[in-house]
Amino acid sequence: MIKKLKIGLLVLALALLSGVSYAEAADLVYNADTTVTIGSANYTIASGSSATSIVVGTSNIIVTVPTNAVFNFSSADRYVLTSTSGSSQCGTSANMVSISSAGTYTITPDIATTCTTGTGGGGGGGGGGGVAATTTTTVTTQQTTIAATPTVTDTGCAAGNLFSTTTGQACTSATITPTTAATTAPAASASGSSVVTGTTGTYNLGTATLKNGSKGEAVKELQRFLNNELNLGLKVDGALGPKTISVIKQWQMDNGLTPDGLIGPATKALINSQATTAAPATAAPATTTTGTYNLGTATLRNGSRGEAVKELQRFLNDKLNLGLAVDGALGPKTISVIKQWQMDNGLTPDGLIGAKTKALINASAGE
């Protein structure tokens, strides 16, 4: 028994070092709802689910379900879940795949598409053969070991931050120190004029359609765009992979394009239309004395840029101690923070900074 446990822990350690979440045992029994991350989104393995092995990859989860067991997997964001076990069930609060037949199944989320209430989110064929279950005592011990292994300290939650500056997720034990609302002015040059920095020119994305697996200089230009406009911090290596394609799909959806992950003429045109040229401002920087933030009239969203975004970043720094760079570029991590703030304050957590969200931001500025 001790020898088997040591071998199991060695396999788990090697899997974690290789960047893939891996669990293996005679049976895994989830005694509480468990969160797993695939790509940029979180999903839930429901309490009471059982499996003999689970592999969590960058774009899917592969699960082996034993005989006489059930495995429930859901998306609270109601993303479409394509499963080889059959259709998912879309509800008002989540999209769920429920597997009750023994076999090995692949569940692939699509963060670019949400399901329609009362319908399935994807389908496919059945899996392989079943695996016999073992005793409850062995299962419970192994599950406890797996749950304890991935514990990692999030340094982005230091200094009393409410939201992590690394992941954008809510910190579980943050302490907030109230600060004075919106009194920080932008840095000025020696002559008293503020300087706005940005990208220059346009991006040379070539003539061929870029897609998953594309390589070359055009892909490097795409990576520079994503770094400049969305603050992704991608390595500019000219190789286009599935994680970047997921970001492209979300960006296409946010900007009214078909979220197909293909960088063709329409997507390239919109990319270059958003490229901004750096220019020094001639007016002296304005200081906020009324305790409110000038968030403009347009709805701010992922990819938005400009002075209104800077005001939003100052609000998040003042009220939530995020320590964001006030650079006027709104990226996905900040959008995650906005969604959590909207939810905490009774608004629809859609990540869009529209009239209601702006009103509540300025109402809370004087508190």
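The values are calculated or read from the model by the stated rules, or taken from the named source; none is laboratory data. Keep in mind that what you see is a predicted model, and the values were worked out from it rather than measured. Positions of Cβ are generated from backbone atoms using ideal geometry, with glycine treated the same way; all protein chains shown enter the neighbour counts.
In the range 30-68, what count of residues is obtained for those that are of a type outside the set (Ser, Thr, Tyr) and free of Cβ contacts under 8 Å to residues at least 60 places away in the same chain?
The qualifying residues number 16.
Considering every residue within the range 313-321, establish whether at least one is part of a loop (DSSP other than H, G, I, E, B), within 25 Å of ALA41 (Cα to Cα), outside the structural domain of ASP254 (by TED's automatic domain parsing) and within 18 Å of the chain's Cα centre (by Cα).
No: zero hits.
Within the range 69-109, count every residue that is assigned to a strand (DSSP E or B) and either without any contact (Cβ under 8 Å) to a residue 60 or more places away in the chain or among the acidic types (Asp, Glu) (or both).
So the first thing to find is which residues in the range 69-109 are assigned to a strand (DSSP E or B), and the list is 71-75, 79-83, 86, 89-90, 95-99, 103-109.
Remaining after also requiring either without any contact (Cβ under 8 Å) to a residue 60 or more places away in the chain or among the acidic types (Asp, Glu) (or both): 71-75, 79-83, 86, 89-90, 95-99, 103-108.
Matching residues across the range 69-109 total 24.
Taking the range 294-312 only, how many residues are in contact with a Phe, Trp or Tyr (Cβ under 9 Å, 6 or more places away or on another chain) and small (Gly, Ala, Ser)?
2
Can you tell me which of (1) outside any helix (DSSP H, G or I); (2) modelled with pLDDT of 80 or more is the one ASN272 doesn't meet?
All conditions pass for ASN272, except number (1).
For ILE245, which of the numbered conditions (1) more than 20 Å from ILE38 (Cα to Cα); (2) at pLDDT 90 or above; (3) crowded, with 20+ Cβ neighbours inside 10 Å fails to hold?
(1) is the only condition that ILE245 fails.
For every residue, the table says whether it meets (1) of a type outside the set (A, V, I, L, M); (2) touching a strand residue (DSSP E or B) at 6+ places or on another chain (Cβ under 6 Å); (3) more than 16 Å from GLY296 (Cα to Cα); (4) buried (at least 20 other Cβ atoms within 10 Å of the Cβ).
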site	(1), (2), (3), (4)
ASN317	yes, no, yes, no
ALA325	no, no, yes, no
ALA329	no, yes, no, yes
GLN340	yes, yes, yes, no
MET343	no, no, yes, no
LEU347	no, no, yes, no
THR357	yes, no, no, yes
